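S.K.: One structure, as structure tokens, below. Some questions next.
The values are calculated or read from the model by the stated rules, or taken from the named source; none is laboratory data. Model, not experiment: these values are computed from the prediction. A quick note on method: Cβ atoms are made from the backbone with ideal geometry, for glycine too, and the neighbour counts reach across all protein chains shown.
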């Protein structure tokens, strides 16, 4: 077991042991926000034939020069397939999306059409292809329309629907169990007595797991277990249900019944590392129970949250076929942070764009025990070990967080 490791070393170890989950087939509407497990190609041209882009009148390729009158024939209704090709000197009315007859080269929008008796008057030259959706204009047969390991967005579902796709092969959602080890922590909906505290970490972790594509199989509080054996039995039940186990609390040094390191070791967890070079969240650890990752996070709320983004979120991404390492960018810090530090520090910030420039605000409440900075954060500001105080308008490294809300809002 390694101790007090760099964040990048923890990433390396977790990356090497995290196994992507097997794919499963789901219905199209159940695939939203899931990760595609295979490439999908266009089975045919889209559109599959030439279609009108507007309600209007078709023009033969030999009549595009203008200066002529076209005899108006029977209108083609919605969904009607032309029975005859279009011949020079003739036109028919079509609807938006209607199949064009052979020989049609352009469509005059209905609102621009000049009609006299039963004739369409063409006074000016018309560009070939005007208001026409040509065959294969959107997709050609064999075009790649969905990439393996890409996220299925509403737009992607629309494209798949256009090709009649009813099922989608996606990577399975990781199942996650959360164990709260603090002997004084109770579920948030209960009323605490003296010496007890409501749980905020459980709801935070549940929300983050769901946001990262996982699913919760259970949240357990260890304060109610009466013996060591019953405690271990509860933990084993949770371990068996989940692809990934998160514990919170009991990671710091000290003697109490539910200390994380000895408990996990007794469970047979192979501890890979304990302690990372980061504040908050330095009291975090990682290991394996069989092939399942186990991540131990601090009981302090901000430290728990930072530990989640640094350790848990990358594992969940890799399980679903996404890139393990988080995105790192830079932004202009709009305020100052007067503390220097020997240890690498991650501040909660609010990133936004102003006049085309990425900026970030350091949020109030940066202590590991505080919740205030969690309200509006969408980024972690990464201050390397030995960092000086942060000056206003200085450039800082930032890890954007996939929270709800746009970085363009502030």
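S.K.: Filter the stretch 89-100 down to residues that are more than 20 Å from residue 46 (Cβ to Cβ) and surrounded by 14 or more Cβ atoms within 10 Å (Cβ to Cβ) and give me whichever is nearest to the chain's Cα centre (by Cα). Quick ask: steps written out before the conclusion?
M.R.: Going through the stretch 89-100, the residues more than 20 Å from residue 46 (Cβ to Cβ) turn out to be 89-93.
Filter once more, keeping what is surrounded by 14 or more Cβ atoms within 10 Å (Cβ to Cβ): 90-93.
Working: 90: 53, 91: 50, 92: 48, 93: 45 Å.
Among residues in the stretch 89-100 that are more than 20 Å from residue 46 (Cβ to Cβ) and surrounded by 14 or more Cβ atoms within 10 Å (Cβ to Cβ), the one nearest to the chain's Cα centre (by Cα) is 93.
S.K.: For the stretch 352-364, enumerate the residues that are touching a helix residue (DSSP H, G or I) at 6+ places or on another chain (Cβ under 8 Å) and surrounded by 14 or more Cβ atoms within 10 Å (Cβ to Cβ). Working first, answer last.
M.R.: Step one: of the stretch 352-364, the residues touching a helix residue (DSSP H, G or I) at 6+ places or on another chain (Cβ under 8 Å) are 363-364.
Answer for the stretch 352-364, where residues must be touching a helix residue (DSSP H, G or I) at 6+ places or on another chain (Cβ under 8 Å) and surrounded by 14 or more Cβ atoms within 10 Å (Cβ to Cβ): just 363.
S.K.: Please indicate, with yes or no, whether at least one residue in the stretch 9-18 is closer than 20 Å to residue 172 by Cα, in a loop (DSSP other than H, G, I, E, B) and modelled with pLDDT of 95 or more.
M.R.: Narrowing the stretch 9-18 to residues closer than 20 Å to residue 172 by Cα: 14-18.
Of the ones still in play, those that are also in a loop (DSSP other than H, G, I, E, B) are 18.
Now narrow it down to the ones that are modelled with pLDDT of 95 or more: 18.
For the stretch 9-18, residues closer than 20 Å to residue 172 by Cα, in a loop (DSSP other than H, G, I, E, B) and modelled with pLDDT of 95 or more: present.
S.K.: Moving on. Of the residues that make up the stretch 268-276, is at least one loosely packed, with under 15 Cβ neighbours inside 10 Å, in contact with a strand residue (DSSP E or B) (Cβ under 8 Å, 6 or more places away or on another chain) and within 24 Å of residue 22 (Cα to Cα)?
M.R.: So the first thing to find is which residues in the stretch 268-276 are loosely packed, with under 15 Cβ neighbours inside 10 Å, and the list is 268, 270.
Next, from what is left, pick out any that are in contact with a strand residue (DSSP E or B) (Cβ under 8 Å, 6 or more places away or on another chain): 268, 270.
Adding the requirement that they be within 24 Å of residue 22 (Cα to Cα) leaves 270.
Scanning the stretch 268-276 turns up at least one residue that is loosely packed, with under 15 Cβ neighbours inside 10 Å, in contact with a strand residue (DSSP E or B) (Cβ under 8 Å, 6 or more places away or on another chain) and within 24 Å of residue 22 (Cα to Cα).
S.K.: I want to confirm something. Restricting to the stretch 317-326 and keeping residues that are touching a helix residue (DSSP H, G or I) at 6+ places or on another chain (Cβ under 7 Å), more than 13 Å from residue 346 (Cβ to Cβ) and in contact (Cβ under 8 Å) with a residue 40 or more places away in the chain, which single residue is surrounded by the most Cβ atoms within 10 Å (Cβ to Cβ)?
M.R.: So the first thing to find is which residues in the stretch 317-326 are touching a helix residue (DSSP H, G or I) at 6+ places or on another chain (Cβ under 7 Å), and the list is 318, 323-326.
Now narrow it down to the ones that are more than 13 Å from residue 346 (Cβ to Cβ): 318, 323-325.
When the remaining residues are screened for being in contact (Cβ under 8 Å) with a residue 40 or more places away in the chain, the result is 318, 324-325.
Details: 318: 21, 324: 17, 325: 13.
So the residue we want is 318.
S.K.: Okay, next question. Run down 343, 330 and say which single residue is in a loop (DSSP other than H, G, I, E, B) and either touching a strand residue (DSSP E or B) at 6+ places or on another chain (Cβ under 8 Å) or not assigned by TED's automatic domain parsing to the domain that holds residue 202 (or both). Talk me through it step by step, then tell me what you get.
M.R.: Values: 330 fails: in a loop (DSSP other than H, G, I, E, B).
Answer to the selection: 343.
S.K.: Do we have residue 86 as more than 30 Å from residue 221 (Cα to Cα), surrounded by 13 or more Cβ atoms within 10 Å (Cβ to Cβ) and in contact with a helix residue (DSSP H, G or I) (Cβ under 6 Å, 6 or more places away or on another chain) here?
M.R.: On the way: more than 30 Å from residue 221 (Cα to Cα): yes; surrounded by 13 or more Cβ atoms within 10 Å (Cβ to Cβ): yes; in contact with a helix residue (DSSP H, G or I) (Cβ under 6 Å, 6 or more places away or on another chain): no.
No, not satisfied.
S.K.: Please state which one of 75, 111, 124 is closer than 27 Å to residue 162 by Cβ, surrounded by fewer than 20 Cβ atoms within 10 Å (Cβ to Cβ) and modelled with pLDDT under 95. Steps first, please.
M.R.: On the way: 111 fails: closer than 27 Å to residue 162 by Cβ; 124 fails: closer than 27 Å to residue 162 by Cβ.
One residue alone meets the criteria, 75.
S.K.: Right, another one. Can you find even one residue in the stretch 84-100 that is under 30 Å from residue 142 (Cα atoms), outside any loop (DSSP other than H, G, I, E, B) and touching a strand residue (DSSP E or B) at 6+ places or on another chain (Cβ under 9 Å)? Steps first, please.
M.R.: Pass one, the stretch 84-100, residues under 30 Å from residue 142 (Cα atoms): 85, 94-100.
Filter once more, keeping what is outside any loop (DSSP other than H, G, I, E, B): 94, 99.
Still in the list and also touching a strand residue (DSSP E or B) at 6+ places or on another chain (Cβ under 9 Å): 94, 99.
Yes, the stretch 84-100 has at least one match.
S.K.: Scan 234, 227 and give me the residue that is surrounded by 13 or more Cβ atoms within 10 Å (Cβ to Cβ), modelled with pLDDT under 90 and over 27 Å from residue 20 (Cβ atoms).
M.R.: Details: 227 fails: surrounded by 13 or more Cβ atoms within 10 Å (Cβ to Cβ).
Sole residue among the options that is surrounded by 13 or more Cβ atoms within 10 Å (Cβ to Cβ), modelled with pLDDT under 90 and over 27 Å from residue 20 (Cβ atoms): 234.
S.K.: Are any residues in the stretch 132-190 out of contact with any strand residue (DSSP E or B) (no Cβ under 7 Å at 6 or more places or on another chain), in contact (Cβ under 8 Å) with a residue 40 or more places away in the chain and within 30 Å of residue 236 (Cα to Cα), and if so, which ones?
M.R.: Listed by number, the residues that qualify are 182, 183.
S.K.: Could you look through the stretch 51-62, keep only residues that are outside any strand (DSSP E or B) and in contact with a strand residue (DSSP E or B) (Cβ under 6 Å, 6 or more places away or on another chain), and pick out the one that is modelled with the lowest pLDDT? I'd like the intermediate steps shown before the answer.
M.R.: Step one: list which residues in the stretch 51-62 are outside any strand (DSSP E or B), which gives 53-55, 61-62.
Still in the list and also in contact with a strand residue (DSSP E or B) (Cβ under 6 Å, 6 or more places away or on another chain): 53-54, 61.
Working: 53: 96, 54: 96, 61: 93.
Among those that are outside any strand (DSSP E or B) and in contact with a strand residue (DSSP E or B) (Cβ under 6 Å, 6 or more places away or on another chain), it is 61.
For every residue, the table says whether it meets (1) in the same structural domain as residue 350 (by TED's automatic domain parsing); (2) closer than 30 Å to residue 36 by Cβ; (3) touching a residue at least 40 places away in the same chain (Cβ under 8 Å).
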| position | (1), (2), (3) |
| --- | --- |
| 246 | no, yes, yes |
| 261 | no, no, no |
| 277 | no, no, yes |
| 291 | no, yes, yes |
| 296 | no, no, yes |
| 299 | no, no, yes |
| 302 | no, no, yes |
| 311 | no, yes, yes |
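S.K.: Condition (residue is assigned to a loop (DSSP other than H, G, I, E, B), loosely packed, with under 13 Cβ neighbours inside 10 Å and touching a residue at least 40 places away in the same chain (Cβ under 8 Å)) applied to the stretch 369-376: is it met by at least one residue? Reasoning before the result, please.
M.R.: Step one: filter the stretch 369-376 for residues assigned to a loop (DSSP other than H, G, I, E, B), giving 369-371, 375-376.
This time we only want the ones that are loosely packed, with under 13 Cβ neighbours inside 10 Å, so: 369, 375.
Now drop any that are not touching a residue at least 40 places away in the same chain (Cβ under 8 Å), which leaves 369.
Scanning the stretch 369-376, I find at least one residue that is assigned to a loop (DSSP other than H, G, I, E, B), loosely packed, with under 13 Cβ neighbours inside 10 Å and touching a residue at least 40 places away in the same chain (Cβ under 8 Å), so the answer is yes.
S.K.: Conditions: (1) crowded, with 21+ Cβ neighbours inside 10 Å; (2) in contact with a helix residue (DSSP H, G or I) (Cβ under 9 Å, 6 or more places away or on another chain); (3) within 27 Å of residue 363 (Cα to Cα). Residue 264 meets all but one. Number of the miss?
M.R.: Unmet for residue 264, out of (1) crowded, with 21+ Cβ neighbours inside 10 Å; (2) in contact with a helix residue (DSSP H, G or I) (Cβ under 9 Å, 6 or more places away or on another chain); (3) within 27 Å of residue 363 (Cα to Cα): (3).
S.K.: From the list 24, 69, pick out the single residue that is without any contact (Cβ under 8 Å) to a residue 60 or more places away in the chain, at negative phi and surrounded by 13 or more Cβ atoms within 10 Å (Cβ to Cβ).
M.R.: Values: 24 fails: without any contact (Cβ under 8 Å) to a residue 60 or more places away in the chain.
It is 69.
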